[in-house]
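Since the structure comes first, as structure tokens, the remarks are kept for the end.
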Amino acid sequence: MQIHWAPSPNYTGGRRGRKIIAIVNHITAGLMPGTLSWLRNPVAKASAHYLVTKTGVVYQLVKDEDTAWHAGIVNKPGWTLYDGSNPNYYSLGIEHEALAGESLTETQYQATLELHRMLVEKHKIPVDRNHIIGHYYLDSVNRKNDPGPGFPWNRLLNDLVRPNTGDSSPKIVIEAGNNIINGFLHEDRAYGPVREIATTLGWQVEWLNEARTAVLLPPADEAENKSNTARVVIASHSITITILGDMAFAPVRQMAEAMGYKVDWDGENKTVKIR
Ligand SMILES: [Zn+2]
């Protein structure tokens, strides 16, 4: 990917021997070009390693090997990996050009996804919500909307854990009811998100965290037809699901058939149809 070097003086050389364990995502609450100038202004005493603009341009302001000043003052942190020392030394900071409350543009999302992918690979950062975090994890008081509720955590983590993207990782489409759901192929099997498929078909999903089990409850009218067997149907099929990011994925055919639906595979259009 193309990264534009735009050095900032606001950093500490080296990392005091600490290893990079996390990426901290931010929003700038300001727009280009002022927001880039500010992060390069010594008066700001703030920076980030990267800035991703709304148009998908990626700037690097501080080298990964050096400590950017992005974490600010830690205040009532929710981050379980926070060890009391300055998080700047063991994290990378990515700023996103956005005003408070704004979501990323699609181009910006794709750029930050590619950047995350590169950094996760380079620094062997685990893909989960403890290692890819928001500034609010470090300051839940003054930064509670940084990067804000619109930040696409689920999408980002799911995209990151999928084996590559694009051509090498075949995407598929799942037609369920009147909805289209994105899935993927893995070892010749179509996988789809359990909750999304189930709720689209009108089922309820209960997640039992300790048992790591999703219990699917049918819609009221189907419950009547199938009397009280639904829970058993699903339970007796006990499908192994895969957790990617914080979403559960199941083989689509196995899951839908266990729920009593018919499943067709349209190989030409890479589409699974649930009827
Ligand atoms: Zn921030």
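The values are calculated or read from the model by the stated rules, or taken from the named source; none is laboratory data. Computed from a predicted structure; not experimentally measured. Cβ: placed from backbone, ideal geometry, glycine included. Neighbour counts: every protein chain shown.
In the list VAL120, VAL161, which residue meets the criterion of being hydrophobic (A, V, I, L, M, F, W, C), farther than 30 Å from ASP264 by Cα and in contact with a strand residue (DSSP E or B) (Cβ under 8 Å, 6 or more places away or on another chain)?
Answer to the check: VAL120.
Somewhere in the stretch 149-160, is a residue within 12 Å of the ligand (Cβ to nearest atom), farther than 26 Å from GLU196 by Cβ and either free of Cβ contacts under 8 Å to residues at least 12 places away in the same chain or not charged (D, E, K, R) (or both)? Full working, then the answer.
Our first condition is that a residue be within 12 Å of the ligand (Cβ to nearest atom); within the stretch 149-160, this holds for 151.
From the residues that got through so far, the ones that are farther than 26 Å from GLU196 by Cβ too are none.
No, because not a single residue in the stretch 149-160 is within 12 Å of the ligand (Cβ to nearest atom), farther than 26 Å from GLU196 by Cβ and either free of Cβ contacts under 8 Å to residues at least 12 places away in the same chain or not charged (D, E, K, R) (or both).
How many of the residues making up the stretch 77-95 are touching a residue at least 60 places away in the same chain (Cβ under 8 Å) and within 15 Å of the ligand (Cβ to nearest atom)?
The qualifying residues number 9.
Going through GLN60, GLN108 one at a time, which residue ends up being surrounded by 20 or more Cβ atoms within 10 Å (Cβ to Cβ), among the polar types (S, T, N, Q) and assigned by TED's automatic domain parsing to the domain that holds PRO149? Working first, answer last.
Details: GLN60 fails: surrounded by 20 or more Cβ atoms within 10 Å (Cβ to Cβ).
Step by step, each of GLN60, GLN108 is checked, and only GLN108 is surrounded by 20 or more Cβ atoms within 10 Å (Cβ to Cβ), among the polar types (S, T, N, Q) and assigned by TED's automatic domain parsing to the domain that holds PRO149.
Determine, yes or no, whether ILE132 is within 16 Å of the ligand (Cβ to nearest atom), surrounded by 17 or more Cβ atoms within 10 Å (Cβ to Cβ) and β-branched (Val, Ile, Thr). If you could, list the steps in order and put the result at the bottom.
Values: within 16 Å of the ligand (Cβ to nearest atom): yes; surrounded by 17 or more Cβ atoms within 10 Å (Cβ to Cβ): yes; β-branched (Val, Ile, Thr): yes.
So ILE132 passes the test.
When the stretch 198-237 is examined, which residues are found to be modelled with pLDDT of 75 or more and among the hydroxyl-bearing types (Ser, Thr, Tyr)?
Hits for the stretch 198-237 are THR199, THR200, THR213.
When the stretch 56-76 is examined, which residues are found to be more than 21 Å from GLN108 (Cβ to Cβ) and more than 16 Å from the ligand (Cβ to nearest atom)?
Restricting attention to the stretch 56-76, the residues satisfying the condition of being more than 21 Å from GLN108 (Cβ to Cβ) are 63, 65-67, 69, 71-76.
If the condition is that a residue be more than 21 Å from GLN108 (Cβ to Cβ) and more than 16 Å from the ligand (Cβ to nearest atom), then LYS63, GLU65, ASP66 are the ones that fit.
Looking at LEU92, is it in contact with a Phe, Trp or Tyr (Cβ under 9 Å, 6 or more places away or on another chain), modelled with pLDDT of 95 or more, farther than 14 Å from ILE20 by Cβ and among the hydrophobic types (A, V, I, L, M, F, W, C)? Spell out the reasoning first.
Working: in contact with a Phe, Trp or Tyr (Cβ under 9 Å, 6 or more places away or on another chain): yes; modelled with pLDDT of 95 or more: yes; farther than 14 Å from ILE20 by Cβ: no; among the hydrophobic types (A, V, I, L, M, F, W, C): yes.
So LEU92 fails the test.
I'd like to check which strands (runs of 3 or more DSSP E) are fully inside the stretch 21-102 and have at least 2 residues that are not aliphatic (A, V, I, L, M).
Numbers: elements: 22-27, 50-52, 58-60, 91-96.
Fully inside the stretch 21-102 and qualifying: 22-27, 58-60, 91-96.
Residues of the stretch 169-195 being acidic (Asp, Glu) and modelled with pLDDT under 85, which ones? Working first, answer last.
Keep residues of the stretch 169-195 that are acidic (Asp, Glu), which gives 175, 187-188.
If the condition is that a residue be acidic (Asp, Glu) and modelled with pLDDT under 85, then GLU187, ASP188 are the ones that fit.
Select from the stretch 65-86 the residues that are under 23 Å from ALA6 (Cα atoms), out of contact with any helix residue (DSSP H, G or I) (no Cβ under 7 Å at 6 or more places or on another chain) and modelled with pLDDT of 95 or more and list them in ascending order. I'd like the intermediate steps shown before the answer.
So the first thing to find is which residues in the stretch 65-86 are under 23 Å from ALA6 (Cα atoms), and the list is 65-72.
From what's left, out of contact with any helix residue (DSSP H, G or I) (no Cβ under 7 Å at 6 or more places or on another chain): 65-66, 72.
Within the stretch 65-86, GLU65, ASP66 qualify.
Just to be sure I understand, how many residues within the stretch 136-154 are part of a helix (DSSP H, G or I) and surrounded by 15 or more Cβ atoms within 10 Å (Cβ to Cβ)? Full working, then the answer.
Within the stretch 136-154, the subset part of a helix (DSSP H, G or I) is 136-137, 153-154.
After this cut, where a residue has to be surrounded by 15 or more Cβ atoms within 10 Å (Cβ to Cβ) as well, the list is 136-137, 153.
Final tally of qualifying residues: 3.
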